[in-house]
1. Please give the peptides 24-31, 142-149 ranked by average Cβ packing (other Cβ atoms within 10 Å per residue), highest first, as a rough proxy for protection.
2. For the peptides 247-259, 91-103, 151-163, what is the packing order when you average, over each peptide's residues, the other Cβ atoms within 10 Å and list the highest mean first?
3. Would you mind telling me the antiparallel percentage of the DSSP bridges in region 4-224, rounded to 5?
4. Return the sequence-ordered ³J(HN,Hα) values of region 171-183 in whole Hz as given by the Karplus equation 6.51 cos²θ - 1.76 cosθ + 1.60 applied to θ = phi - 60°, using x for Gly and Pro.
5. For Glu179, what is the net charge nearby, where nearby means another residue's Cβ is under 13 Å from its Cβ and Lys, Arg count +1, Asp, Glu -1?
6. Among 201-209, 12-20, what's the highest-first ranking by average C-beta atoms within 10 angstrom per residue?
7. With contacts defined as alpha carbon pairs under 8 Å and 6 or more residues apart, what's the relative contact order of region 4-224 in percent?
8. At a Förster radius of 51 Å, what calculated FRET efficiency corresponds to the Cβ-Cβ distance of Glu279 and Met110, to the nearest 0.05?
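We did not get these values from a lab; they are worked out from the coordinates using the rules stated. Owing to the predicted nature of the structure, the values given are computational and were not obtained by experimental measurement. We place every Cβ from the backbone using ideal geometry, glycine too, and count neighbours over all the protein chains shown.
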Amino acid sequence: AHNSISYHTDNSKLHTALRKALTDDEFEELKESSLGVFIKFKEQGFGWASRLVHYMLSFKLDIKKKYEMWSLVGPKPLRFSLLEFENLTGLNCEYIEDLETPKCDVTPEMVSFWGMLGVHLEAGPTTDQIIAALKRCGDWSREDRKRLAYLSIFTGFIEGRKFSTATRSTLARLVMDLERFENYLWGRVAFKVLMDSLWNKEIAGCYTVDGFIQVLQSRQSVSTDTGLRGQQRPQINESCYLESGLPWDAIMEPFLQMVPYLLVECAATDEIRVKYGLEPYTYERPLKGVPTANNGDCGVYAVKYIECHALGVSFDPKDFARCNVKKMRDNMAVDIWKELVDQHLKENVDGDKFVGMYD
């Protein structure tokens, strides 16, 4: 069965409305603030790979610490904790009592601002309400627009819940003191939202995760606890020249350890799954008779080999002749398109426009 993960922290409508509502100077000031990391994540175009995140959740280890997640990556455990979250985001993750219920008195200024937002005083704004306010804030004061911008980040990234779900008023009210809001421990808040959503998550079929889940698929988080920090990552150019100078055995070792775990997870049936063990694979590198259409097509064949192996389909060389490469690439393009942001919610949408995009 196909597993699909929905999430709420990549709302293009929110980003577009925020960009239009602020002047260039105001938007740059927001990006350079301590909360600007979320805008930078969005603008740098971090792709969404639900299968990668699903893999990490599928191989989550049973540990006693609620606010740490350990996943088995090949034979090695990978930790995702507050430390990794802080390293990745640079947000303030220090400890404070009453983290989610800070004291914030209701003032006439707050009542007025909440009225401008169109939000009930006892509730926090929803993402939908923030988007609506961004479209009509042109004549607001600079301070009020800044408050609105901060609440955009709070609702859209830190809380990261369903767009129509109210956020917590106890935290949203902090925005009335701009300096206090900017310097608050939002890293710890965002981390807790994410971990509370992941804890004991039922990952069969389609499911939704609250919070800033994009950090889970960052390559830096993988390197933190697998001994790769500070090491040069091998790069292979179109001529398959190893720029790192490392031997092939060293390059292939992590991949060979990962494949058996991947096959067991992705096997189509239990009958196929029991055929696989978890022993590391060996490899060979044929240099002749490999039917590639373009430089770099070795990746296409490698992925297809793993897919066929997991599904119990024979990998006959004649089926991978040059004449079939275009069809293989087209099929992969459609598969990739289905994994893009929001496309997992549009299973029946025609993806033909992506066919042939790699020609």
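1. Working: 24-31: 14.1, 142-149: 18.8.
Highest-to-lowest ranking by the protection proxy: 142-149, 24-31.
2. Values: 247-259: 14.5, 91-103: 12.2, 151-163: 24.2.
Listed from highest to lowest mean packing, they are 151-163, 247-259, 91-103.
3. On the way: 7 of 11 bridges.
If I count the DSSP bridges inside region 4-224, around 65 percent turn out antiparallel.
4. Listing the rounded values in order: 8, 4, 5, 4, 5, 5, 10, 4, 5, 5, 5, 5, 9 Hz.
5. Working: positive: Lys146, Arg147, Arg180; negative: Glu143, Asp177, Glu182.
Counting the neighbours of Glu179, the net charge comes to 0.
6. Values: 201-209: 13.0, 12-20: 15.8.
The peptides rank, most packed first, as 12-20, 201-209.
7. That works out to 33 percent.
8. On the way: r = 62 Å, r/R0 = 1.22.
E between Glu279 and Met110, to the nearest 0.05, is 0.25.
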